[in-house]
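Asker: If you scroll down you'll find the structure; I have some questions about it.
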Amino acid sequence: MIRHIAALLLAGTALPACAAEADADAETRGAAEITVTATRQPYRGDFTIQETPAAITTIDQAWLANNNILRLTDALDLNASVARQNNFGGLWDAFAVRGFAGDENLPSGYLVNGFNNGRGFGGVRDVSGIEKIEVLKGPQAALFGRGEPGGVINIVTKKADFDTRASIGVQAGSWDRQRVDGDVNLALADVAAVRLIGFYEDAGSFRGTRSDRWGFTPSVLVKLGEKTALTYELELTRANAPFDRGVVAINGKLGVMDRRTFLGEPGDGPLAAEVNGHQLQLSHQFSDDWSALIGGQHRDTRLTGFSTEAELAASRQRLFRDGRSLSRQRRFRDYDAEHQVLRGEVQGRLATGALKHRLLFGADYDRFENSQLFLRFRPPSIGTATTAQQSNDIDILAPVYGRFPLPTPGPQTNRLDTQQAFGAYVQDQIDLGGGVQVRLGGRYDDFKLTTLNRANGVASTRNFSRFSPQAGIVYEASPALSLYAAYGEGFRANIGADVVGRIFNPETSRSAEAGAKLNLLDGKLTGTVALFTLSKDNVLAADPSNPGFSVPIGQARSRGLEVDLNGKLPGDVDLLFSYAFVDATARAAVLDPNFSLNIRVGDRLINIPRHQFNVQAAKGVQVTDDLKLTLGGGVQHTGGRLGETATQFFLPAYTLARLFVRADISQKVELFAEVSNLFNATYYTNSFAQLWVQPGQPRAATVAARVRF
C-alpha cells in the first residue's frame with residue numbers, strides 16, 4: 001500500500017524527506033523504506049537526467065543546509081548559470097538564467113511544484129518549506145510555456161508523508177539576527193498525513209536596518225484509494241522590511257561612501273509584503289505505465305508602504321554637483337496581485353512495433369491580475385535657489401535622518417493589468433534502439449491581455465497566439481557518457497502597456513544547445529557540459545520616467561558554456577561545482593529608455609557576468625560512535641558586470657569564501673557554525689544605475705542548533 005502511494009506522490013513531486021535528516025530517517029523507516037528508480041514530475045515525465053536532452057541542475061536540501069541558506073536568491077548563487085538582477089530594494093527575487101531576465105517591473109517568475117508561482121509581490125522566498133530547487137535550463141519553453149529561453153526555476157516543496165517525525169531549529173548571527181523554525185510530520189494511520197512547517201526571523205543588517213518575517217507552509221496528504229492521492233498545500237507568509245536601494249557611485253566610482261550607510265529614511269517605516277497561497281493536486285495511477293495529475297493554485301500577494309530613494313535624473317540630482325548631497329524621491333506603493341492556475345497532465349508508455357514511446361500531454365490555464373497604485377514626490381530641477389529641503393537631500397558621507405519633514409507623494413500610476421492564458425502541450429520521447437532517443441514536442445499558447453490605466457480611463461486589449469516547437473536527441477555512448485542536442489522556441493506575452501496605453505507585441509525566443517551528460521565513479525559523480533545559444537525579440541525595459549510602465553528595447557542574444565558537477569569524490573568528499581561563461585548582448589541599436597543613451601549592437605546586458613563559478617565541498621569525519629563532524633566550505637566568484645545600461649559603468653568582480661562545521665552529537669541533536677565572506681571582501685551584487693547599487697554583506701558568523709524527535 002505504501003509503495004502505491006509513494007508512486008502517486010512521485011507523479012506530482014519528489015518525496016519530501018529532508019536531505020539533512022536522511023540518515024536518521026532511514027534508520028527509523030525500516031521496512032517502510034522505498035527505493036525510487038524513476039522520478040515523475042509535472043511537465044517532466046519519468047526521465048532520468050542522463051536521458052533528458054537538456055541541462056538540469058538540482059540544489060538539494062543537503063547543500064541548502066551546508067550553506068545555511070535562508071532565501072531563494074542565495075540558493076541560486078550555487079548555480080553559475082543564474083545571475084542576480086535588480087531586486088527592487090531587496091523586496092523581491094530577481095535573477096537571470098543564461099543571461100536573460102524577465103520583466104523589470106515584476107519579480108522573476110519561477111515554478112513551485114510545476115505551477116507558475118513567482119509572479120506577484122509577496123517579498124523574497126524563504127527556503128524553510130523547500131525540499132530542493134531545480135534549475136531546468138535550455139529550450140524547454142515549448143513544454144513549460146510563458147518563461148524565459150534561458151531556463152526555468154522549479155521549487156519542489158516539502159510535503160506530508162507517512163513517516164511521523166519532528167524537528168526544531170534555532171540560530172543566531174551577526175547584526176543581531178535571530179531565527180527559529182519547526183517541521184512536524186504526523187501520519188494519521190495509513191489514510192492521511194499532515195506536515196506543519198513554519199519559521200520566524202527577526203534580523204538586523206550591516207546597513208543599520210531591521211526586518212522581520214514569518215511563514216507557515218503546512219501540507220496535507222489524503223489517500224483516496226490504493227492508486228489515488230490528494231495533496232493540499234498552504235503558503236502563508238508576512239514580511240516587514242525597509243526599502244533599500246543601496247549605495248551610490250560618484251562619477252562611476254564605487255567605495256567613496258561607506259557600504260553600511262542607509263540612504264533612505266527610517267521614518268518611512270517598513271514595506272509590508274504578504275502571501276496567501278493554496279495548491280491542490282490529485283494524482284492517479286491507472287497502471288504501471290499510465291498516470292494522471294490535475295491541480296489548481298490560487299495565490300494573493302500584496303506589497304504596501306513608503307520609501308525614500310535616490311533621484312536618477314541628472315537635472316534633479318545635486319550629487320552630480322557637489323559630490324555628497326543626494327537628492328531623493330519619496331514614493332508610496334500599494335501593489336496587489338491575484339494569480340490562478342489550473343492544469344492537467346497525462347503521461348505514459350506505449351510501443352509501436354520496435355519503437356518505444358514515452359508520452360506526455362496536458363493543458364493549463366493561467367490568470368494573473370496586477371494592480372498597482374503608485375504615488376511619488378520628485379525633487380525639482382536643481383537651480384541656484386533650490387534648497388536642500390526642496391530636493392530632500394541627505395549627506396552620503398555624514399547622513400542625518402529626519403532632517404526635513406517627509407514629503408507628501410502625489411498621484412503617479414494607477415493601473416490594472418489582467419492576463420489570461422491557455423496552453424496545451426504534447427511531447428513524445430521515442431527510443432529508437434542502439435542508445436538513441438529522439439524527443440519531439442510542441443506547445444500552443446493563446447493569450448489575452450487587458451490593461452486599464454485607472455488614472456485616465458484608457459483601456460486596451462490584445463490577443464496573441466503561437467505554436468512553439470521543441471526537438472531533441474540523446475545518444476548513450478556508454479554508461480558513463482550521454483551526448484545530446486536540443487532546439488526550442490518560446491512565446492511570452494509582455495504584460496502591461498506603455499504610458500499612453502499601447503500594448504506591446506509578445507516576446508518570442510529561439511534557443512539551441514548541445515552537450516554531454518557524465519556519470520562517473522560508478523554513478524557517484526554526475527554532471528553536464530553544455531554549449532548554448534539563445535535569442536529573443538521584443539524585449540522590454542522599465543520606463544524610469546513613468547514607474548510601473550515599460551518601453552521596448554529590441555533584440556538580445558546570449559551564448560555560452562556551462563559545466564556542472566555534483567556528487568562524491570574519492571575520499572568520501574561531497575562536491576558541488578558550477579561554472580558558466582555567458583556572453584549576453586544587445587542585438588539592436590536603440591535608444592536606452594532609462595537614461596536616453598544609445599544602446600549599440602554588442603553592448604552587454606546589465607548584471608550579467610561573463611565568468612561565474614561556485615564550488616562547494618564537504619567531508620564527514622566519525623570522531624566517536626556518537627559524534628560525527630562535517631567540515632566544509634566554498635568559493636564563489638562573480639566576474640565584472642555592466643551596472644548601468646548603455647554606459648561604461650561596471651560592477652567589479654568579486655570572490656567570496658566561507659567555512660562551516662556541523663557536529664552531529666547524536667541522532668537527534670545537531671550543532672552548526674559558519675563564517676561567510678571569510679576575507680571580508682567589499683563587493684556589489686547588482687544594480688540598476690550608478691545611484692542604485694546593492695552592496696554585499698561583510699564577514700558574518702552564524703551558530704545554530706537543531707533537535708529531532
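Asker: Within segment 299-314, can you find the residues that are out of contact with any Leu (no Cβ under 9 Å at 6 or more places or on another chain) and at pLDDT 95 or above? Before the answer, list the steps.
Answerer: Kept after step one, since they are out of contact with any Leu (no Cβ under 9 Å at 6 or more places or on another chain), are these residues of segment 299-314: 299-302, 313-314.
Of everything in segment 299-314, those that are out of contact with any Leu (no Cβ under 9 Å at 6 or more places or on another chain) and at pLDDT 95 or above turn out to be ARG299, ASP300, THR301, ARG302.
Asker: Still on this model: Might you check whether a residue that is buried (at least 16 other Cβ atoms within 10 Å of the Cβ), in contact with a strand residue (DSSP E or B) (Cβ under 9 Å, 6 or more places away or on another chain) and at positive phi occurs anywhere in segment 220-227?
Answerer: Restricting attention to segment 220-227, the residues satisfying the condition of being buried (at least 16 other Cβ atoms within 10 Å of the Cβ) are 220-223, 227.
The next check asks that each one be in contact with a strand residue (DSSP E or B) (Cβ under 9 Å, 6 or more places away or on another chain); those that pass are 220-223, 227.
Subsequent filtering for residues that are at positive phi retains none.
No, segment 220-227 contains no residue that is buried (at least 16 other Cβ atoms within 10 Å of the Cβ), in contact with a strand residue (DSSP E or B) (Cβ under 9 Å, 6 or more places away or on another chain) and at positive phi.
Asker: Conditions first: (1) assigned to a strand (DSSP E or B); (2) within 30 Å of ARG378 (Cβ to Cβ); (3) at pLDDT 95 or above. LEU406 passes all but one, so which condition is the exception?
Answerer: Checking LEU406 against (1) assigned to a strand (DSSP E or B); (2) within 30 Å of ARG378 (Cβ to Cβ); (3) at pLDDT 95 or above, the one that fails is (1).
Asker: Okay, moving on. Quick check on segment 431-445. Is at least one of its residues surrounded by fewer than 14 Cβ atoms within 10 Å (Cβ to Cβ) and in contact (Cβ under 8 Å) with a residue 60 or more places away in the chain?
Answerer: yes
Asker: Out of segment 313-337, which residues are of a type in the set (Ser, Thr, Tyr) and assigned to a strand (DSSP E or B)?
Answerer: Looking only at segment 313-337, we keep the residues that are of a type in the set (Ser, Thr, Tyr), and these are 315, 325, 327, 335.
SER325, TYR335 - these are the residues of segment 313-337 that are of a type in the set (Ser, Thr, Tyr) and assigned to a strand (DSSP E or B).
Asker: Would you mention how many residues in segment 650-681 are out of contact with any helix residue (DSSP H, G or I) (no Cβ under 6 Å at 6 or more places or on another chain), more than 19 Å from GLY204 (Cα to Cα) and polar (S, T, N, Q)?
Answerer: Number of matching residues: 2.
Asker: How many of the residues in segment 405-430 are surrounded by 17 or more Cβ atoms within 10 Å (Cβ to Cβ) and closer than 30 Å to PHE332 by Cβ?
Answerer: 10
Asker: With segment 56-114 as the region, which strands (runs of 3 or more DSSP E) entirely inside it contain at least 1 residues that are farther than 26 Å from THR533 by Cβ and either in contact (Cβ under 8 Å) with a residue 24 or more places away in the chain or among the aromatic types (Phe, Trp, Tyr) (or both)? First the steps, then the outcome.
Answerer: On the way: elements: 56-60, 82-84, 95-97.
So the answer is 56-60.
Asker: Anything in segment 668-680 that is exposed (fewer than 14 other Cβ atoms within 10 Å of the Cβ) and either small (Gly, Ala, Ser) or part of a loop (DSSP other than H, G, I, E, B) (or both)? List them, or say none.
Answerer: LYS668, PHE679, ASN680
Asker: Taking the stated definitions as given, is LEU254 under 30 Å from SER325 (Cα atoms) and surrounded by 23 or more Cβ atoms within 10 Å (Cβ to Cβ)? Even if it seems obvious, please write down each step before you answer.
Answerer: Details: under 30 Å from SER325 (Cα atoms): yes; surrounded by 23 or more Cβ atoms within 10 Å (Cβ to Cβ): no.
No; evaluated as a whole, the condition is false for this residue.
Asker: To continue, here is another question. Taking segment 623-637, which residues are without any contact (Cβ under 8 Å) to a residue 60 or more places away in the chain and within 22 Å of ASN680 (Cβ to Cβ)?
Answerer: Initially, segment 623-637 is screened for residues without any contact (Cβ under 8 Å) to a residue 60 or more places away in the chain, giving 623-629, 631, 633, 635, 637.
Matches in segment 623-637: LEU631, GLY633, VAL635, HIS637.
Asker: Taking the criterion of being crowded, with 24+ Cβ neighbours inside 10 Å and over 15 Å from VAL220 (Cβ atoms), would at least one residue in segment 156-164 satisfy it?
Answerer: Yes, segment 156-164 has at least one match.
Asker: Taking the stated definitions as given, is ASP244 surrounded by fewer than 17 Cβ atoms within 10 Å (Cβ to Cβ) and under 30 Å from TYR401 (Cα atoms)? Steps first, please.
Answerer: Details: surrounded by fewer than 17 Cβ atoms within 10 Å (Cβ to Cβ): no; under 30 Å from TYR401 (Cα atoms): yes.
Considered against the rule, which asks whether it is surrounded by fewer than 17 Cβ atoms within 10 Å (Cβ to Cβ) and under 30 Å from TYR401 (Cα atoms), ASP244 comes out as no.
Asker: Considering segment 236-267 alone, what residues qualify as being touching a residue at least 24 places away in the same chain (Cβ under 8 Å), outside any loop (DSSP other than H, G, I, E, B) and farther than 21 Å from ASP93 by Cα?
Answerer: ILE250, PRO266, GLY267
Asker: Another question, if that's okay. Looking only at segment 401-423, decide whether some residue is touching a residue at least 60 places away in the same chain (Cβ under 8 Å), on the phi < 0 side of the Ramachandran plot, touching an Asp or Glu at 6+ places or on another chain (Cβ under 9 Å) and of a type in the set (A, V, I, L, M).
Answerer: yes
Asker: Do we find that GLN437 is outside any loop (DSSP other than H, G, I, E, B), under 30 Å from LYS524 (Cα atoms) and either modelled with pLDDT of 95 or more or among the polar types (S, T, N, Q) (or both) in this structure? Break it down into steps so the answer makes sense when it comes.
Answerer: Working: outside any loop (DSSP other than H, G, I, E, B): yes; under 30 Å from LYS524 (Cα atoms): yes; either modelled with pLDDT of 95 or more or among the polar types (S, T, N, Q) (or both): yes.
Spelling it out, GLN437 is indeed outside any loop (DSSP other than H, G, I, E, B), under 30 Å from LYS524 (Cα atoms) and either modelled with pLDDT of 95 or more or among the polar types (S, T, N, Q) (or both).
Asker: Another question, if that's okay. Inspect segment 507-516 for any residue being part of a strand (DSSP E or B) and at pLDDT below 75 and give the result as yes or no. Steps first, please.
Answerer: Residues of segment 507-516 that are part of a strand (DSSP E or B), as a first pass: 507-516.
Applying the additional criterion that residues be at pLDDT below 75 yields none.
Looking through segment 507-516, none of the residues is part of a strand (DSSP E or B) and at pLDDT below 75.
Asker: So in segment 355-398, with the set limited to residues that are assigned to a loop (DSSP other than H, G, I, E, B) and surrounded by 18 or more Cβ atoms within 10 Å (Cβ to Cβ), which one is farthest from the chain's Cα centre (by Cα)?
Answerer: Initial filter on segment 355-398 (assigned to a loop (DSSP other than H, G, I, E, B)): 378-393, 396-398.
Checking the rest, the ones that are also surrounded by 18 or more Cβ atoms within 10 Å (Cβ to Cβ) come to 378-379, 382, 391-393, 396.
Working: ARG378: 32, PRO379: 35, ILE382: 40, SER391: 36, ASN392: 35, ASP393: 35, ILE396: 32 Å.
Looking at residues that are assigned to a loop (DSSP other than H, G, I, E, B) and surrounded by 18 or more Cβ atoms within 10 Å (Cβ to Cβ), I get ILE382.
Asker: Give segment 167-204 a look and list any residue that's assigned to a loop (DSSP other than H, G, I, E, B), touching a residue at least 60 places away in the same chain (Cβ under 8 Å) and under 30 Å from GLY696 (Cβ atoms), or say none. Don't jump to the end; show me each part of the working.
Answerer: Restricting attention to segment 167-204, the residues satisfying the condition of being assigned to a loop (DSSP other than H, G, I, E, B) are 174-176, 189-191.
Adding the requirement that they be touching a residue at least 60 places away in the same chain (Cβ under 8 Å) leaves 174-175, 190.
Result: SER174, TRP175.
Asker: Follow-up question, since we're still on this one. Go through segment 301-357 and give me each residue that's among the basic types (Lys, Arg) and either touching a Ser or Thr at 6+ places or on another chain (Cβ under 8 Å) or closer than 30 Å to LEU254 by Cβ (or both).
Answerer: Initial filter on segment 301-357 (among the basic types (Lys, Arg)): 302, 316, 318, 321, 324, 328, 330-331, 333, 343, 349, 356.
Result: ARG316, ARG318, ARG321, ARG324, ARG328, ARG330, ARG331, ARG333.
Asker: Quick one: which residue in ALA26, ALA31, ALA19 is touching a helix residue (DSSP H, G or I) at 6+ places or on another chain (Cβ under 9 Å) and either more than 19 Å from GLU148 (Cα to Cα) or at pLDDT below 65 (or both)?
Answerer: Values: ALA26 fails: touching a helix residue (DSSP H, G or I) at 6+ places or on another chain (Cβ under 9 Å); ALA31 fails: touching a helix residue (DSSP H, G or I) at 6+ places or on another chain (Cβ under 9 Å).
From the options ALA26, ALA31, ALA19, the qualifying one is ALA19.
Asker: Does segment 664-687 contain at least one residue that is in contact with a Phe, Trp or Tyr (Cβ under 7 Å, 6 or more places away or on another chain), closer than 29 Å to SER307 by Cα and modelled with pLDDT of 95 or more?
Answerer: yes
Asker: List the pairs whose first member sits in segment 296-309 and is in a strand (DSSP E or B), whose second member is among the acidic types (Asp, Glu), and whose Cβ atoms are under 6 Å apart, counting only residues at least 6 apart or on separate chains?
Answerer: ASP300/GLU338; ARG302/GLU274; ARG302/ASP336; THR304/ASP334; PHE306/ASP268; SER307/ASP268; THR308/GLU265; THR308/ASP268
Asker: Looking at LEU642 and the list (1) surrounded by fewer than 19 Cβ atoms within 10 Å (Cβ to Cβ); (2) of a type in the set (A, V, I, L, M); (3) in contact (Cβ under 8 Å) with a residue 24 or more places away in the chain; (4) more than 19 Å from TRP175 (Cβ to Cβ), which single condition is not satisfied?
Answerer: Unmet condition: (1).
Asker: Now for a separate question. What tally of residues in segment 290-316 results from selecting those that are over 25 Å from the mean Cα position of the chain (by Cα), within 28 Å of SER211 (Cβ to Cβ) and either surrounded by fewer than 20 Cβ atoms within 10 Å (Cβ to Cβ) or not charged (D, E, K, R) (or both)?
Answerer: Of the residues in segment 290-316, 4 are over 25 Å from the mean Cα position of the chain (by Cα), within 28 Å of SER211 (Cβ to Cβ) and either surrounded by fewer than 20 Cβ atoms within 10 Å (Cβ to Cβ) or not charged (D, E, K, R) (or both).
Asker: I would also like to ask the following. Conditions: (1) buried (at least 16 other Cβ atoms within 10 Å of the Cβ); (2) at pLDDT 95 or above. VAL573 meets all but one. Number of the miss?
Answerer: Just one mismatch for VAL573, condition (1).
Asker: Of all residues in segment 317-354 being buried (at least 18 other Cβ atoms within 10 Å of the Cβ) and of a type in the set (Ser, Thr, Tyr), which is farthest from the chain's Cα centre (by Cα)?
Answerer: For segment 317-354, the residue satisfying everything is SER325.
Asker: Test LEU449 against the criterion of being farther than 23 Å from GLU513 by Cα, among the aliphatic types (A, V, I, L, M) and in contact (Cβ under 8 Å) with a residue 40 or more places away in the chain, and give yes or no.
Answerer: On the way: farther than 23 Å from GLU513 by Cα: yes; among the aliphatic types (A, V, I, L, M): yes; in contact (Cβ under 8 Å) with a residue 40 or more places away in the chain: yes.
Spelling it out, LEU449 is indeed farther than 23 Å from GLU513 by Cα, among the aliphatic types (A, V, I, L, M) and in contact (Cβ under 8 Å) with a residue 40 or more places away in the chain.
The values are calculated or read from the model by the stated rules, or taken from the named source; none is laboratory data. Since we're looking at a predicted model, the values are computed, not measured. Don't worry about glycine lacking a Cβ; one is built from the backbone with ideal geometry, like all the others, and counts go over all protein chains shown.
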